[in-house]
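Novice: Below are the structure tokens for one structure; questions will follow.
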Amino acid sequence: MSKFLHGVEVIEAQSGTRPIKTVKSSVIGLIGTAPFADEDAFPLNTPVLIAGKRAEAAKLVNPENADFKTRLQTLRDAALTTAVSDFKKANGNVEPTVDELKALTDKVEKAVDDVEYDRKGTLVPGVDGIFDQAGAVIIVVRVADGTEAAVTQNIIGGVAPDGSFEGMQAFLGAESVVGVAPRILVAPGYTHQKDGTEKNPVVTDLVGIAQRLRAVIIADGPNSDDDAAKAYRKDFGSRRVFVVDPAVKVFRDGKSVVEPASARVAGMIAKSDNDRGFWWSPSNTNMNGIVATARPIDFQLGDANARANLLNENEVATIIRQNGFKLWGNRTCSDDPKWAFLSVVRTADMINDSLLRAHMWAVDRNITKTYIDDVVQSVQGYLDSLKAQGAILGGEIWADEELNTPINIQAGKVYFSFDFTPPTPAEHITFKSILTNNYLEEIV
């Protein structure tokens, strides 16, 4: 019904295209142990956001934690007893003076504290490995410590009687807690184990989580030998799994120690996303903060029999030493060749999730020609924008005429189809060398 108006009015139309934003691609989901953490800052089984600053991660070791203080004092006392005994042996069984005892105490406490403040659990070195690559956004889920079997079960988690998520299941609810969802999942120290013919249970369960989140899992290989790494890879046929072998050596507390590579690889992917875009492969980029690989990986560009190439041939990424240490490998564990490359999987994930999230406005609106045009134009604009950035080679959307029948539309169902082509990494480059005498004429 029209209304009487003597004048001018503006009616705001609700039709028109909507801009589409790409979801955050480089958020890392890190799960593990930190038994001496600040329990208020990092409660068990709860997603906590660390937004690129080491200071925020410092609470993973809390000096006020009662268990930590007790352990620290016990270690200090034992170390001081040893130091005094060594002093007396070196000085004719003479007791140290007050000043000498103070000097010994200060030295011992510093040595013990330097080790203990940095070593507790898997989360502290995991965060350190990520931050060595980039100031990434990390969603941390802390689980209870214990034996390897107990921690494995704690990481797998489940749903508590009150409906709250436990372990890796907490990643599913992370967005409702911290505002972002993880896209790169790691569980350093608990993805490399393989018991005979059984698959690693943590990776096995993480696959389901990754599928729901459109995330990828960086899984550590067994870190023993090449055959074991190849056998480990064959346990999985999912495009969500990216295997890295061997582990790496880092310098801590005055000595070289072996640590899983997965957290550092996750950090490398986050850095690559931020510097170049999610459509780039992280392969052939530098890994910071390591002094060696846990076992030698020989590499010679063009040598098909080099260890690095043989691992890559079996869809195992590795780490080579070539002007620094570099991640070397592009391939996931997918049993479908279409999803062989990690960068292709992640490009598809980011596009699909971005389109899904950007069309909340379109739900429950009337299906009209204008409505269909608005959706098509919005998505086409997004695909054209991705092409301009180099994220895809091209893409197109259309309303599916075969499915958009009167019966379906009457039932409230409307169908759109779109295609796109991601760029693939130049994994195999061939130069054809030809010896010819055609240029001899130039010397006469």
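Novice: Which of the residue pairs 88/110; 53/102; 120/255; 53/249 have a Cα-Cα distance greater than 25 Å in the structure shown?
Specialist: With Cα atoms farther than 25 Å apart: 53/102.
Novice: Fewest first, what order do 61, 243, 180 take by the number of other Cβ atoms within 10 Å?
Specialist: 180, 61, 243
Novice: How many angstrom separate the Cα center of segment 121-138 from the Cα center of segment 220-262?
Specialist: Here the two parts' Cα centres lie 17 Å apart.
Novice: Also: Write down the percent of antiparallel bridges among all DSSP beta bridges whose residues are both part of the chain, to the nearest 5.
Specialist: Antiparallel bridges: around 60 percent, rounded to the nearest 5.
Novice: Take the Cα atoms of segment 366-443, find their three principal axes, and give me the spread along each one in whole Å, biggest first.
Specialist: Between the extreme Cα coordinates on each principal axis of segment 366-443 lie 80, 23, 23 Å.
Novice: Could you work out the relative contact order of the chain? I mean the mean sequence separation of Cα pairs under 8 Å and 6+ apart, divided by the number of residues, in percent.
Specialist: Worked out over the chain, it gives 16 percent.
Novice: For residue 229, what charge total do you get from the other residues with a beta carbon under 12 Å from its beta carbon, if Lys and Arg give +1 and Asp and Glu give -1?
Specialist: That sum, taken over residues with Cβ under 12 Å, equals -2.
Novice: Turning to a different aspect of this structure: What stretch of the chain, leaving out the sites themselves, is the longest with no chymotrypsin sites (Phe, Trp or Tyr not before Pro) in a DSSP loop having at most 10 other Cβ atoms within 10 Å?
Specialist: That would be 5-430.
Novice: Still on this structure, I have one more. Net charge around residue 44, counting only other residues with Cβ within less than 11 Å of its Cβ (Lys, Arg = +1; Asp, Glu = -1)?
Specialist: Cβ neighbours under 11 Å give a net charge of -2.
Novice: With Rg/Rh (Cα atoms, Kirkwood Rh) in mind, check [x] 1.21; [y] 1.01; [z] 1.11 and report the label derived from this structure.
Specialist: Looking at Rg/Rh (Cα atoms, Kirkwood Rh) for this model, the match is [z].
Novice: Now, a different point. Through the Karplus equation 6.51 cos²θ - 1.76 cosθ + 1.60, θ set to phi - 60°, convert the phi angles of segment 411-424 into ³J(HN,Hα) values in whole Hz; use x for Gly and Pro.
Specialist: Karplus-based 3J(HN,Hα) across segment 411-424 equals 7, x, 10, 9, 10, 10, 10, 9, 10, 6, 10, x, x, 10 Hz.
Novice: Hey, another quick one. Identify the GluC sites (Glu not before Pro) of segment 367-444 meeting these criteria: DSSP loop state and at most 14 other C-beta atoms within 10 Å of the C-beta.
Specialist: 401, 402, 427
Novice: DSSP beta bridges in segment 151-307, what fraction antiparallel, as a percent rounded to 5?
Specialist: Given both bridge residues lie in segment 151-307, the antiparallel proportion sits at roughly 60 percent.
Novice: Taking only Cα atoms and a 10 Å spring cutoff, compute GNM fluctuations for the chain and point out the largest among 168, 268, 287.
Specialist: Result: 287 has the largest fluctuation of those listed.
Novice: Divide by every residue of the chain the summed helix terms, -39500 (n - 2.57) for each DSSP H run of at least 4, and state the resulting mean residue ellipticity at 222 nm, rounded to the nearest 500 deg cm²/dmol.
Specialist: -11000 deg cm²/dmol
Novice: Run through segment 343-444 and list the trypsin sites (Lys or Arg not before Pro) located in a DSSP loop whose Cβ has at most 16 other Cβ atoms within 10 Å.
Specialist: Sparse-neighbourhood loop trypsin sites (Lys or Arg not before Pro): 365, 413, 432.
Novice: Another question, if that's okay. Summing +1 for each Lys or Arg and -1 for each Asp or Glu, what net charge is found among the other residues whose Cβ lies under 10 Å from the Cβ of residue 350?
Specialist: +1
Readers should treat all values here as calculations from the given coordinates under stated rules, not as data from a laboratory. Worth saying up front: this structure is predicted, and the values here are computed from it rather than measured. In this analysis, Cβ positions are derived from the backbone assuming ideal geometry, glycine residues included, and neighbour counts consider all displayed protein chains.
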